[in-house]
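> Handing you this structure, nothing more for now.
The values are calculated or read from the model by the stated rules, or taken from the named source; none is laboratory data. Not measured: the values here are computed from a predicted model. Heads up, the Cβs are rebuilt from the backbone with ideal geometry, glycines too, and the neighbour counts pull from every protein chain shown. Heads up: the accessible areas ignore ligands, DNA and RNA and are worked out on the full protein's heavy atoms, side chains in. Shrake-Rupley method; radii C 1.70, N 1.55, O 1.52, S 1.80 Å.
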Amino acid sequence: QVQLVESGGGLVQPGGSLTLSCAASGSIFSIYSMGWYRQAPGKQRELVAGISSGGSTNYADSVKGRFTISRDNAKNTVYLQMNSLKPEDTAVYYCNARLRIYNVGPINDYWGQGTQVTVSS
């Protein structure tokens, strides 16, 4: 069983900072990428930031310059440092890992349970 455990969500004021963490554990052969998605009320789930095992990153335009994604491959952990938070960042944030559990076979997406980030005064 693959488990993605998230932490770090909460309530912050506009302009504040928050760091999310997600650790993957279980029967994992290789993680190809990890990332963060978010879903706000009335909107589709969107990619916030992603990072490959080699370190390549990509960000949603709305968070570029404010959010930073990083990872520790040895710990199968991904982080999202969120600065200058805005009310429109309010959403449920989901950790994602694209991985294989065997040397050969399909690459599948696994998801964390989601953590609420609320930006409000």
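> Mind listing just one residue for me: the one in segment 59-73 that is of a type in the set (Lys, Arg) and open to solvent by 50 Å² or more (accessible area, probe 1.4 Å) and, of those, nearest to TYR110 (Cα to Cα)? Step through it out loud before you land on a result.
So the first thing to find is which residues in segment 59-73 are of a type in the set (Lys, Arg), and the list is 64, 66, 71.
Next cut, open to solvent by 50 Å² or more (accessible area, probe 1.4 Å) only: 64, 71.
Details: LYS64: 25, ARG71: 16 Å.
Per the stated criteria, the residue is ARG71.
> Pick from segment 40-54 the residues that are under 15 Å from GLU88 (Cα atoms) and among the small types (Gly, Ala, Ser): which of them is surrounded by the fewest Cβ atoms within 10 Å (Cβ to Cβ)?
If we take residues in segment 40-54 being under 15 Å from GLU88 (Cα atoms) and among the small types (Gly, Ala, Ser), then GLY42 is surrounded by the fewest Cβ atoms within 10 Å (Cβ to Cβ).
> Follow-up. Run ASN76 past the list (1) buried (at least 18 other Cβ atoms within 10 Å of the Cβ); (2) touching a Pro at 6+ places or on another chain (Cβ under 9 Å); (3) among the polar types (S, T, N, Q) and report the number of the one that doesn't hold.
(2)
> Also, quick follow-up: Name the single residue that is nearest to LYS75 (Cα to Cα) among those in segment 85-121 being exposed (fewer than 15 other Cβ atoms within 10 Å of the Cβ) and charged (D, E, K, R).
ASP109
> Looking at segment 13-36, which of the residues that are under 18 Å from ILE69 (Cβ atoms) and hydrophobic (A, V, I, L, M, F, W, C) is modelled with the lowest pLDDT? Before the answer, list the steps.
So in segment 13-36, the residues under 18 Å from ILE69 (Cβ atoms) come out as 17-24, 31-36.
With hydrophobic (A, V, I, L, M, F, W, C) added as a condition, the list becomes 18, 20, 22-24, 31, 34, 36.
Values: LEU18: 98, LEU20: 98, CYS22: 97, ALA23: 96, ALA24: 95, ILE31: 91, MET34: 95, TRP36: 98.
Checked segment 13-36; the qualifying residue modelled with the lowest pLDDT is ILE31.
> So, GLY15, is that one over 19 Å from TYR110 (Cβ atoms) and within 17 Å of the chain's Cα centre (by Cα) or not?
Values: over 19 Å from TYR110 (Cβ atoms): yes; within 17 Å of the chain's Cα centre (by Cα): no.
For GLY15, the condition - over 19 Å from TYR110 (Cβ atoms) and within 17 Å of the chain's Cα centre (by Cα) - is not met.
> If you scan segment 2-39, which residues turn out to be open to solvent by 40 Å² or more (accessible area, probe 1.4 Å) and at positive phi?
Scanning segment 2-39 gives GLY15, GLY26.
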